1. Considering only Leu38, Val181, Leu115, whose Cα is most displaced toward the positive end of the charge dipole of the chain, charges sitting on Cβ of Lys, Arg (+1) and Asp, Glu (-1)?
2. Applying the Karplus parametrisation 6.51 cos²θ - 1.76 cosθ + 1.60 with θ = phi - 60° to the phi angles of the range 289-299, what ³J(HN,Hα) value in whole Hz is obtained for each residue in order, glycine and proline being reported as x?
3. For the chain, what relative contact order do you get, as a whole percent, if you take Cα pairs closer than 8 Å and at least 6 residues apart?
4. What percent of all Cα-Cα pairs in the range 3-83 falls in each 10 Å bin, counting up from 0?
5. Take the Cα coordinates of the range 163-264, assign each an equal point scatterer, and use the Debye formula without solvent to give log10 I(q)/I(0) at q = 0.10, 0.17, 0.22, 0.24 Å⁻¹.
6. Calculate the FRET efficiency for Thr80 and Lys356 from the Cβ-Cβ distance with a Förster distance of 25 Å, rounded to the nearest 0.05.
7. Test of understanding: ordering Glu293, Glu399 by Cβ neighbours within 10 Å, fewest first, what list do you get?
8. Work out, in µm²/s and without decimals, the Stokes-Einstein translational diffusion coefficient of the range 262-407 at 4 °C, 1.567 mPa s, Rh from Kirkwood over C-alpha pairs.
Amino acid sequence: MSVLAQGEFHPFTAAGRRFLYLVPSAAVFALDEPAAALIDGLDGRRVARRDLLADVGSRFPDTDLAQTLDELEQVHAVRTVAAPAPPAPPAPAIIPLTPFPLTTAVLNVTNQCNLSCSYCYEYSEDKIVDTANGSQPKFMSEETARKSVDLLMNESGDNRVVHVSFFGGETLMNYPVLSRVVPYAREQAAARGKQVEFNLTTNATLLTGEMIGFLADNDISVTVSMDGPREMQNRFRVFHDGGGSYDVLLPRVRELLRRHTSRPVGARVTLTSQVSDVVSIYRHLTEEIGFREVGFAPVTTSPGREYALDGDGFDHMVEQFTALADEFLEAALAGRHHGFSNVSETLEEIHKGASKAYPCGAGLGLVGVATGGDVALCHRFAGSDEHKLGTVDDGLDREAQNAFLERHHLANKTDCHTCWARPLCSGGCYHEAHTRYGTSERPNLHYCEWIRGWTDVCLRVYGELAARNPEFLRRFE
């Protein structure tokens, strides 16, 4: 006799319909009334198949419930309960085939900055690399930048499109090198039949007309690190003498937005216990300044810092995110643009069925290059001997890379095994974990609740769009 139980899923409701987010496959499954009745008939229990069909069949006599139940089993919303078996030895973690091709190289062209943001992960008390007294030079040379591009091209395999990102410190402090490496990267990509795309992150206080022209002419995506209106921006994002940066960057940003129109210019906001009014920040950056996209991220810091977010802070952040997500949904249903990138990025992952064994591409398809040419997991670890994966001279250390990937596989994060949001989270940012727990191997348990809460919001938005404006979701295909 076949005995059934519920599979692993997260239920949610949208557009007056019931949906399941199926955890093993990361699929979204809409339930009709008979399917919902079968799921409810199990209700966390183990039920004989014939008894379940008989019970639900009295309410849906004209429905082929056996076929509906078969479909629920096929998508693993319902599972057959097998007789207890001896425990099997743990399966080895599945690691990517090697060599795994690179898609992105983040060039930390300088580890210096003209601002002194107290929450900065690179210069604050939580820094991993001592940029003042370390072995890395203050500025990346043109030779090292070219070798970084060569490494990316040589290790990109069959990827037709590769990405070069410029980062810092304050990236524009080494504008001469980045301006010369862009045409070099284009030449190298063309010689290999590839296309190269560029992006750059800046605090915008050093932007000049020449720089804006270069960024626009070369179709370079730009993200401006900015925390909102004057009072919020000047709370932490200050110069070394303590002076606020808002009035310095504002005219430069306005000119950048006026002239650089080939790609959307986005803003990236760091949320802290003092700077957390997401809705008003979004309004200012989009409606008053003109940014096309705005993304928010909680500050990365060890607990106890004055600017650290605690449980109440994360709850407030989810509330604010939800308000903006509702606005996003309203705009999407009406065919209007909304620039809350946290929603669009998550919707894309849901639509593509992302089920990640690793939280991001760091150490996988993405690497960060320190000013001296050391290759690390990502830009946040650039210059850290502990997180080194090779050099631009010697290439990638594939043994070190494989060892990292094996240790950091989701299968090794036992705290994540029962979490329904793990396909999208996979334990969270390595750098966040290192800062909080002293190791990149730990899952970020301090923000599990807000990740689950936010994922549920995005699933609801996705369900509404799937039911009411499915055309909108095709942009993610």
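Rule-based calculations on the coordinates, nothing more; no lab input. Owing to the predicted nature of the structure, the values given are computational and were not obtained by experimental measurement. Quick reminder, even Gly has a Cβ in these numbers, built from the backbone with ideal geometry, and neighbours come from all protein chains shown.
1. Sorting the options by dipole projection puts first Val181.
2. Ordered by residue, 3J(HN,Hα) equals 9, x, 5, 7, 10, 9, x, 10, 9, x, 4 Hz.
3. On the way: 841 pairs, mean separation 78.7, N = 477.
Worked out over the chain, it gives 16 percent.
4. In whole percents, the pair-distance histogram is 18, 55, 25, 2.
5. Evaluating at q = 0.10, 0.17, 0.22, 0.24 Å⁻¹ gives log10 I(q)/I(0) of -0.31, -0.79, -1.18, -1.33.
6. Working: r = 28 Å, r/R0 = 1.10.
Here the calculated transfer efficiency is 0.35.
7. On the way: Glu293 20, Glu399 11.
Lowest count first: Glu399, Glu293.
8. Numbers: Rh = 17.9 Å.
In µm²/s, the coefficient is 72.
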